[in-house]
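Have a look at the structure below before the remarks.
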Amino acid sequence: MSKHNRHDPRALGAAIWRRVRGLLALLGLGADEVAGGQVLPRPLALGPARLGAAFSLLLGLSLAALPRLGTHGVESALVLGVFVPPVVAVAAQAIARAARPVAVSAAAILWRATQAGVLIFALPFVVLALNGLRVGHCDPLTGFSFMLLGPFAGTLLSAAAGCLAGLLSLGSVARTLFSLLLPLGSIAAALRELYATPGVFAYGHFFGYFPGTFFDPVTELPAPLLSLRVISTLALAGLWLLCLAHFDVVRARLFLWPAPGRGVVSAAALLLLSAVGVCGAYAPQLGHRSSLAFIEEELGETRVSERCILHVPREMRRERLEQLASHCDFRVAQIERWLGLRQEHKVRVLLFRSAAEKKALMGAAATNVAKPWRGEIYLHERPWPHPVLAHELAHVVAAGAGRGPFAVGGRLGGLLPNPTLIEGLAVAAAWADSSDQGLTPHQLSRTLIERGRPPNLDDFFGVGFFGQGRRQSYTVSGSLLRYVAEVHGAEALRRLYGHGDVQAALGISRAELQARWHAFLKRVPLPPEALPRARERFAGKGLLRQVCPHRKAALKRELGADLAAGDDAAAERTCGRLLELDPADDGTRALLVPVLARLGKEQEAQAELQALLAPPTAPEPTIDRAREDLGDEAWRRGSLQQARAIYAELLASPRGRDARRQLQVRLAALDGDARAGALLSDLLLGKPGEGTDGASAVYLMRELRALRADGLPHYLEARQLYFRARYREAAELLSQARGLGLPSQELVHEALRVEAIARTASFEFERAEALLAELARASPRDPATQAQVQDWTERIQFLRRDAPGVAPEGARSPH
C-alpha cells in the first residue's frame, strides 16, 4: 500500500482482504491456483484432503487429552506415524488425479501433494505443541526430533507414493488402494517382524519407530532411526525421480518406459530404489530389525539341555552355563507340574550380556520378554538363580492353555489378549520369585483392602491392567490367579486362561470370584511392615497416566552418574530439574536430603525432609531411607551419638527385612569397639559415590575378625563370596558365623537362608535340606519364607534325581 492510500478505508480493506485470501490459500481453502495458464487444485481444496485434515486435527486433540501422549515424544510420534501417512497418501493421489487434465509438470503435482501432506501433518503437530506450552514440554528438542524423523518423514514419502498412484491409469478404488499399499504395507511388514522374529521393536519408512515395550524409557534418539531416515531420503528421491522420468505431460499419466530424454533420470531413480532394497537386506546389521540368526552369532555360544536351548555369551564359563541349563530344566518341569501341562518342545532362552545389548538386538532393555508362540524368552544376565527366568518360562509353558496365533490367554480365541491373565499366571507360577522384601503377592494385595482400596476386578481385568501402576497390576493379578489355582485347581485355571470367561471357567460370576478372593485375602497374615512397604511399591502411575517418563528416566540416569562421581553440587541441580518435572517425586526428594547434608546445607536438608513428611505424606520407607542417609552422613562426620539415635529410632518402626538387617549391622558397629566401628564404616559406607572394592573388603573383614568375637565379620565376608559365586567357601563361613553368634535373629535367619542356597549350589543336599527345615521351623507364620523353603526343597529333589556332572562355579561336585 502506498503512503497516499495508507489512510484510504477502501484501500485498507482491500489490503486486508488480500492478506486473508493469502492465508486461506496457504491453508488450501481458497480458490484454485493458476499455474502456467492451467488450474491446479489448492493443497486442501479436494474432499479427501479436507477429510484427512479434519481427521488429523481430531487425532491431535485426542492425544492432547492423554498425559503420556499429549506432547511431542516417541509415543505421540508413533501414533501420528501410523495414522497420518495413509491419510496423506489418499489425499495425494486425489490431488494427482485432479491435476492430470491440467497438463502441468510432474514436479508441480508432487510439490502440491507435498504441501497438502505437510498441512495435514502440521495440524496435530501444532495441537501437541500448543498443549505442550499449556502442560509443559518434557524434552522439546528430543520430542521435536522424534516428530521430524517419524511422522513428518513418513508424510513426505506418503505424498510421493500417493502421487505415483494418482498418476497411474487406474480406477478410483484401485488408485486409492494402491496409494495405501506402501504406508499400510510398511505397518504390515512391521507386524510380521514382531510376530516372526525375536524383536519387539520396529522401524518403518512410513510410520517411523516403534520402541517395543513401553515400560522401557527411551532417553535418546536411537542411532538406527537416523540411518533409517538416510535410507528414507534415498527412497523419497527415487520416487520423485521415477515420477519425473516416466510422466508424460501430454497424456497426463505415467508410462512403463521413461519419457524421451529422461533415461538418465530413470536410471538414477532405479539406482536409488535399488540401494534402498540392498539396505533392507542388511537391516539386522543396521539395527532396523531383529534376527534369531544374527543374535545367535552375536552371543556366540549355544547349549542344548534336556528342556531348553540356551544362547549365551561365548565368554560364559562352562560351570556357569551348566548351572543355568540345570536351572532352566528345573523351572520348566516345576511349572509343568503346577499347571498340569506338558511343554512338548524345548524352550529357547536368549541370555544377553546386558540390558543395553538386549535393547540393541531385540528391542527391550530392562524389561524381560517372552514370545510364547515362538517358544522363546529373552533375558539379560543376573546372578544365579536368575530371578526372572521362572516368570518368563511360565509364559511359554502356559501357551499349552493359550489360544490363537499368540498362544496366550484372552477372548475371541486369543485374538484379544488379556494382560491380567497373561502376567497374573506368570506371577502365580513363579510364586517364590514373586515375593518382595519377604511379602507375597497375597500379602501385598491384602494391604489394599486394609487401606480401604480393595482390588476391583473391573478396574484391572483386561485393558484396565494398564490403568494401574505396573507393580500393582502385576501383584494383584498374580494373587488372583494363584488363588484360582489353590482353590479351584489347575484345570480351572487353564480354562480361565484359555477363554477369559470367569463364569464358564469357574462356574461363578466375576463379582462372586472377587468376593471370595477378598475373603481369602483377609485371612492372610500381615506383618507390621507390610502396609508402608506396599504403599511405596504401589506408588507408580498407570502407563498412560505417566508424565514425561522418558525425560525423567534420562535425568535419573544423570543423577546416578552425579552420585557415582561424588559430585554433590551437580546432583543437587539434577534433583532440582527432576522435581520441577514432578514435584511429587518422593524418591528424588529423599535422595536430595543427604546431598544437601553433604554440601553443608543442613537447614535445606531438614526442609526437604519436612516436605516428605508434609501432606500428602511420602511412603514411610522413602522417608526412612532419607533419614537413614542422614544417619550415614552423621557417622561419616564422626557424630556417632547422632547416627546411633537415628538408626535406633528407625529400627523401632516397621521396616522391611533387608532394611532391618542393615540397621542392625550399623548399630552393632556403633555399639562395639571403636576400631571395629571404623572398619565397618569403611566397609558399609565408604566415601559417597565410591563402593568398597573386593580386595579392600577382604582386608577389612579379616581385620574385623581380630576385633569382634561374634560371627558378624564371617557373615559379611560370606556374603561377599556368595555374590562372587564362591558357594562352598561362603557356606563354611556362614556356618561359622552362626556358631559364633550374630547380633540379631533376622541376621541368623538370613544366614540360614543364604547357607542353604550355597549348600545346594555345592551339591551338599542333605545339609541344605536340614538348613531349610530349620528355617521353616523358625518362620511358621511367614508365607514368603515358607514358599521359598518349598521352592528350594523341590529344586534339591530335582537336582538329586538329575544331578549334573559339573558343579557350579566356585564349587566341586561330590561325585
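The values are calculated or read from the model by the stated rules, or taken from the named source; none is laboratory data. Please read these numbers as outputs of a predicted model, since none were measured by experiment. Glycine gets a Cβ as well: all are built from the backbone with ideal geometry, and neighbour counts include every protein chain shown. The protein model used for the area step is the full one, side chains on, heavy atoms only, and it has no ligands, DNA or RNA in it. Shrake-Rupley method; radii C 1.70, N 1.55, O 1.52, S 1.80 Å.
Once you've got the Cα coordinates, tell me which of 358/552; 359/687; 359/556; 601/687; 358/556; 556/601 are over 26 Å apart. Show your work: numbers first, answer last.
Details: 358/552 22 Å; 359/687 33 Å; 359/556 19 Å; 601/687 19 Å; 358/556 21 Å; 556/601 22 Å.
The pairs that break the limit, which is 26 Å between Cα atoms, are 359/687.
Keeping every protein chain present and rolling a 1.4 Å probe, give me the accessible area per residue for the chain in Å².
Numbers: 35310 Å² over 815 residues.
For the chain, the per-residue accessible area is 43 Å².
Which order do the peptides 420-431, 118-129 come out in when sorted by mean C-beta neighbours inside 10 angstrom, highest first?
Working: 420-431: 25.8, 118-129: 21.8.
Going by the mean number of other Cβ atoms within 10 Å, highest first, we get 420-431, 118-129.
Please sort 714-727, 585-598 by packing, taking for each peptide the average over its residues of neighbouring beta carbons within 10 angstrom, highest first. Write out the running numbers ahead of the final one.
Details: 714-727: 20.6, 585-598: 22.6.
Descending packing order for the listed peptides: 585-598, 714-727.
When the Kirkwood hydrodynamic radius is evaluated over all pairs of different C-alpha atoms of segment 39-113, what value in angstrom, to one decimal, is obtained? Each step should come with its number before you reach the end.
Values: mean 1/r = 0.0739 Å⁻¹.
13.5 Å is the Kirkwood radius here.
Using a Förster distance of 35 angstrom, determine the FRET efficiency expected from the C-beta separation of residue 233 and residue 356, and round it to 0.05.
On the way: r = 28 Å, r/R0 = 0.81.
The calculated FRET efficiency here is 0.80.
For the chain, just the Cα set please: Rg and Dmax, both in angstrom.
Taking only Cα atoms of the chain, I get Rg and Dmax of 32.1, 109 Å.
Which of the trypsin sites (Lys or Arg not before Pro) found in segment 199-253 are in a DSSP loop and have at most 16 neighbouring Cβ atoms, other than their own, within 10 Å? Before the final figure, lay out each step's value.
Details: sites: 229, 251, 253; in loops: 251.
Listed in order of number, the matching sites are 251.
Using only the Cα atoms of segment 382-512, build the gyration tensor, take square roots of its eigenvalues as a ≥ b ≥ c, and label the shape rounded, prolate or oblate: rounded if a/c is under 1.5, else prolate if a/b is larger than b/c, else oblate. Can you show the working numbers first?
On the way: a/c = 1.60, a/b = 1.11, b/c = 1.44.
Since a/c reaches 1.5 but b/c is at least a/b, the shape of segment 382-512 is classed as oblate.
With the cut-off at 1.5 for a/c, could you classify segment 612-671 from its C-alpha gyration tensor as rounded, prolate or oblate? List each step's numbers first, then the result.
Details: a/c = 2.51, a/b = 1.46, b/c = 1.72.
The shape class here is oblate.
For the chain, find the longest principal axis of its Cα atoms and tell me its angle to the long axis of helix 74-99, 0 to 90°, nearest 10.
10 degrees
Using only alpha carbons, build the gyration tensor for segment 137-197 and give me the equivalent ellipsoid semi-axes, biggest first, whole Å. Intermediate values should be presented prior to the final figure.
Working: eigenvalues 161, 66, 10 Å².
The three semi-axes for segment 137-197 are 28, 18, 7 Å.
Roughly what angle does helix 153-166 make with the longest principal axis of the chain, taking Cα atoms, 0 to 90 degrees, to the nearest 10?
Tilt relative to the chain: about 40 degrees.
If I model segment 155-259 as equal point scatterers sitting on the Cα atoms and use the Debye formula, what is log10 I(q)/I(0) at q = 0.14, 0.19, 0.20 Å⁻¹?
Ignoring solvent entirely, the Cα scatterers give -0.67, -0.99, -1.05.
Which whole-number value in Å³ per residue fits the convex hull of the alpha carbons of segment 328-433?
It comes to 98 Å³ per residue, whole-number rounded.
Chymotrypsin sites (Phe, Trp or Tyr not before Pro), restricted to segment 233-318: which are DSSP loop and have at most 15 other Cβ atoms within 10 Å? Spell out each step's value before the answer.
Values: sites: 240, 247, 255, 282, 294; in loops: 255, 282.
Sparse-neighbourhood loop chymotrypsin sites (Phe, Trp or Tyr not before Pro): 255, 282.
Give the Rg/Rh ratio for segment 465-623, taking Rg as the radius of gyration of the Cα atoms and Rh as the Kirkwood radius, to two decimals. Provide the component values of the computation, followed by the final result.
Details: Rg = 21.4 Å, Rh = 18.8 Å.
Ratio value, two decimals: 1.13.
For 307, 97, what's the largest-to-smallest order of accessible area, 1.4 Å probe? Don't skip to the end; give the middle numbers.
Working: 307 25, 97 90 Å².
The most accessible residue leads, giving 97, 307.
Across every pair of different alpha-carbon atoms, what Kirkwood hydrodynamic radius in Å does segment 249-307 reach? Intermediate results must be reported in sequence, preceding the final value.
Working: mean 1/r = 0.0639 Å⁻¹.
Hydrodynamic radius (Kirkwood, Cα pairs) of segment 249-307 is 15.7 Å.
Roughly what % antiparallel, to the nearest 5, for the DSSP beta bridges in the chain? Please list the in-between numbers first.
Details: 21 of 30 bridges.
Antiparallel bridges make up about 70 percent of those DSSP assigns within the chain.
Determine the relative contact order of the chain: mean sequence separation of Cα pairs under 8 Å and six or more apart, normalised by residue count, in whole percent. Don't skip to the answer; put the middle values down first.
Values: 1309 pairs, mean separation 63.0, N = 815.
For the chain, the relative contact order is 8 percent.
Limiting things to C-alpha atoms, what are the Rg and the maximum Cα-Cα separation (Dmax) for segment 632-776, in angstroms?
15.5, 48
How many percent of the accessible area of the chain is carbon or sulfur, using a 1.4 Å probe?
Working: 20570 of 35310 Å².
After summing per-atom areas, the C and S share lands at 58 percent.
Students often check this: by mean Cβ neighbours within 10 Å, which of 177-186, 520-529 ranks highest, and how do the rest follow? All intermediate terms of the calculation are to be shown ahead of the outcome.
Values: 177-186: 20.4, 520-529: 15.6.
Packing order, densest peptide first, comes out as 177-186, 520-529.
Would you mind checking the tilt of helix 47-64 against the longest principal axis of the Cα atoms of the chain, expressed as 0 to 90 degrees and rounded to 10?
With rounding to tens, the tilt is 20 degrees.
For segment 515-596, count all C-alpha to C-alpha pairs, find those more than 14 Å apart, and express that count as a whole percent of the total. Could the numbers behind the result be given before it?
Working: 2357 of 3321 pairs.
Tail of P(r) above 14 Å: 71 percent of Cα pairs.
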